[in-house]
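Below is one structure, written out as structure tokens; the observations come after it.
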Amino acid sequence: MTDDESETGLARTPPMGWNSWNAHSCEVTATDIRDAADALVETGLREAGYEYVVVDDCWMAEETDEGGRLSADPEDFPNGVSALGDYVHDRGLKFGLYSSAGSHTCQGYPASLGRERTHAEQFADWGVDYLKYDNCGNHRGRDAVSRYAAMGDALAAVDRDIVYSICEWGQSGSWRWGRNVGGHCWRVADDAVAKWQTSGEEFGLGIADIVDHVAALGIAPAQAPGGWNDPDMLQVGNGPDSAQSQHEPTDIHRPLTDAENRTHFAFWCLLGAPLMIGTDLTDISADLLDLLTNEHLLAIDRDPLGLQGTPDRRGATQEVWSKRLHDGAAVALWNRGEEPTDIRVDIDETAVPTAGDRYTVRDCWSGEQWETCGDLSARVDPRETAVFRVSPR
Ligand code: GAL
């Protein structure tokens with residue numbers, strides 16, 4: 001890749017959009033996808049940058065044709081994939097589809113291992129702009145790099161720009177090779193579920209579990225424009241009624257609280273993560289829309305340096321994280337305890353470039369702005385996160 005290409009390539013900022021899995025699970029239909037596309041436009045989410053509409057697992061018919069080609073489930077997607085892609089494109093959005101680097105998808109539908117060229121050509125013909133590529137099915141003895149490289153090569157060979165989203169759950173360190181096989185993002189963990197924390201026996205990881213997992217991995221250097229560590233799709237707005245919560249064996253008794261939703265979203269932005277909304281957009285609340293379109297947080301997620309935020313201080317009740325930005329840094333003060341608490345940090349402890357002796361601080365929740373000589377502090381409610389954008393004067 002030349003320098004020029006690397007500056008103009010795909011996913012220079014983390015991909016943003018909506019994915020069907022958390023909201024609809026294996027019951028997804030073309031109507032759900034069209035409704036989501038309409039809602040992205042009507043709610044202003046498209047304007048805020050959410051552009052990909054991704055159909056996750058279960059869109060395919062149970063059998064391929066004699067050439068191994070995929071087709072859409074005739075009942076749930078009666079007009080086929082191409083017409084659905086047109087519908088999405090007609091609304092100024094981009095269209096995404098799902099397959100797996102194995103014999104079958106996680107829900108047992110036909111997938112792409114050994115048929116990568118054929119399927120990549122189908123995707124391009126159908127107007128697909130984004131491929132989420134899972135890790136289920138029989139791998140036929142092949143390692144992850146070879147399986148994911150085969151689809152990366154096939155996508156590179158078609159005459160269409162397709163964002164390649166590697167969903168290998170980080171099992172064999174996809175952050176180490178994801179970019180080399182053509183990937184634009186790579187999952188770093190098991191599935192996120194609509195819960196703060198899960199116990200060992202439950203399916204999936206809660207929001208706090210994923211933050212812990214990312215901290216422990218220490219993979220910030222793997223991320224840069226064009227290739228992103230992916231902590232999984234957003235569970236913002238979800239709870240026991242979400243289709244994924246009902247589909248998977250996780251005990252979920254209540255929706256994420258407002259504080260949990262805010263901390264979840266703030267951390268995904270601080271990590272510079274892909275932002276794939278996973279809630280039903282047809283009855284989303286005004287508060288959740290405000291959260292998902294918070295311009296200060298989105299600017300942190302999409303900062304041109306493309307760095308991943310990292311922890312400066314960890315603890316059972318208080319954590320400080322920061323992310324270097326092109327003009328300063330974002331600093332997050334997270335109360336992970338159960339009581340309101342004062343969190344204080346000197347910016348020397350964080351990623352803020354300490355060039356001067358005065359700094360402008362913006363509170364990313366209220367939009368308020370002030371100056372500091374180096375001290376940052378906030379009273380933070382349980383499970384809330386204060387987020388500041390700090391720039392040297
Ligand atoms: C999982 C994947 C989820 C979802 C699901 C569909 O492997 O991590 O995000 O795509 O499969 O079956």
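Scan (1) out of contact with any Lys or Arg (no Cβ under 8 Å at 6 or more places or on another chain); (2) modelled with pLDDT of 95 or more for the single condition Gly9 breaks and write down its number.
Unmet for Gly9, out of (1) out of contact with any Lys or Arg (no Cβ under 8 Å at 6 or more places or on another chain); (2) modelled with pLDDT of 95 or more: (2).
Within segment 301-393, which strands (runs of 3 or more DSSP E) (wholly inside it) include 1 or more residues that are surrounded by 15 or more Cβ atoms within 10 Å (Cβ to Cβ) and aliphatic (A, V, I, L, M)?
Details: elements: 310-313, 318-325, 328-335, 341-346, 359-363, 369-372, 375-380, 385-392.
Ranges flagged: 318-325, 328-335, 341-346, 359-363, 375-380, 385-392.
Those residues that are free of Cβ contacts under 8 Å to residues at least 40 places away in the same chain and either away from the ligand (no atom under 13 Å from the Cβ) or more than 24 Å from the chain's Cα centre (by Cα) (or both), I need them from segment 89-107; list them, please.
The answer is His89, Asp90, Ser103.
Among (1) farther than 22 Å from Asn22 by Cα; (2) within 16 Å of the ligand (Cβ to nearest atom), there is one condition Pro110 misses while meeting the rest; what is its number?
Unmet for Pro110, out of (1) farther than 22 Å from Asn22 by Cα; (2) within 16 Å of the ligand (Cβ to nearest atom): (1).
Do we have any residue at all in segment 153-165 that's within 13 Å of the ligand (Cβ to nearest atom), buried (at least 24 other Cβ atoms within 10 Å of the Cβ) and not β-branched (Val, Ile, Thr)?
So in segment 153-165, the residues within 13 Å of the ligand (Cβ to nearest atom) come out as 165.
If we keep only those that are buried (at least 24 other Cβ atoms within 10 Å of the Cβ) too, we end up with 165.
Right, trim to not β-branched (Val, Ile, Thr) and you get 165.
There is at least one residue in segment 153-165 that is within 13 Å of the ligand (Cβ to nearest atom), buried (at least 24 other Cβ atoms within 10 Å of the Cβ) and not β-branched (Val, Ile, Thr).
So how many residues does segment 277-294 have that are free of Cβ contacts under 8 Å to residues at least 60 places away in the same chain, touching a Gly at 6+ places or on another chain (Cβ under 9 Å) and surrounded by fewer than 18 Cβ atoms within 10 Å (Cβ to Cβ)? If you could, list the steps in order and put the result at the bottom.
First, pick out the residues of segment 277-294 that are free of Cβ contacts under 8 Å to residues at least 60 places away in the same chain: 283, 285-288, 290-291.
In the following step, the residues that additionally are touching a Gly at 6+ places or on another chain (Cβ under 9 Å) were identified as 285, 288, 291.
With surrounded by fewer than 18 Cβ atoms within 10 Å (Cβ to Cβ) added as a condition, the list becomes 285.
Total satisfying the criteria: 1.
Within segment 168-180, can one find any residue that is under 15 Å from Leu97 (Cα atoms), in contact with a strand residue (DSSP E or B) (Cβ under 8 Å, 6 or more places away or on another chain) and within 16 Å of the ligand (Cβ to nearest atom)?
no
Considering only segment 191-206, I want to know if a residue exists there that is within 16 Å of the ligand (Cβ to nearest atom) and among the β-branched types (Val, Ile, Thr). First the steps, then the outcome.
Of the residues in segment 191-206, the ones within 16 Å of the ligand (Cβ to nearest atom) are 191-195, 198, 202-206.
Next, only the ones that are among the β-branched types (Val, Ile, Thr) stay: 193, 198.
Scanning segment 191-206, I find at least one residue that is within 16 Å of the ligand (Cβ to nearest atom) and among the β-branched types (Val, Ile, Thr), so the answer is yes.
So which residues in segment 219-270 are within 16 Å of the ligand (Cβ to nearest atom), part of a loop (DSSP other than H, G, I, E, B) and either closer than 20 Å to Ser165 by Cα or in contact with an Asp or Glu (Cβ under 8 Å, 6 or more places away or on another chain) (or both)?
Once the filter is applied, which keeps residues that are within 16 Å of the ligand (Cβ to nearest atom), part of a loop (DSSP other than H, G, I, E, B) and either closer than 20 Å to Ser165 by Cα or in contact with an Asp or Glu (Cβ under 8 Å, 6 or more places away or on another chain) (or both), segment 219-270 yields Pro231, Asp232, Met233, Leu234, Gln235, Ser242, Glu248, Pro249, Thr250.
Of all residues in segment 181-190 being part of a loop (DSSP other than H, G, I, E, B) and touching a Pro at 6+ places or on another chain (Cβ under 9 Å), which is farthest from the ligand (Cβ to nearest atom)? Step through it out loud before you land on a result.
First pass over segment 181-190, keeping only residues part of a loop (DSSP other than H, G, I, E, B): 181-184, 188-190.
When the remaining residues are screened for being touching a Pro at 6+ places or on another chain (Cβ under 9 Å), the result is 184, 188-189.
Numbers: His184: 16, Val188: 12, Ala189: 9 Å.
Out of the qualifying residues, it is His184.
The values are calculated or read from the model by the stated rules, or taken from the named source; none is laboratory data. Note that the coordinates shown come from a computational prediction; the quantities given were computed from them, not determined experimentally. Neighbour counts are summed over all protein chains in view; Cβ atoms, including those assigned to glycine, are modelled from backbone coordinates with ideal geometry.
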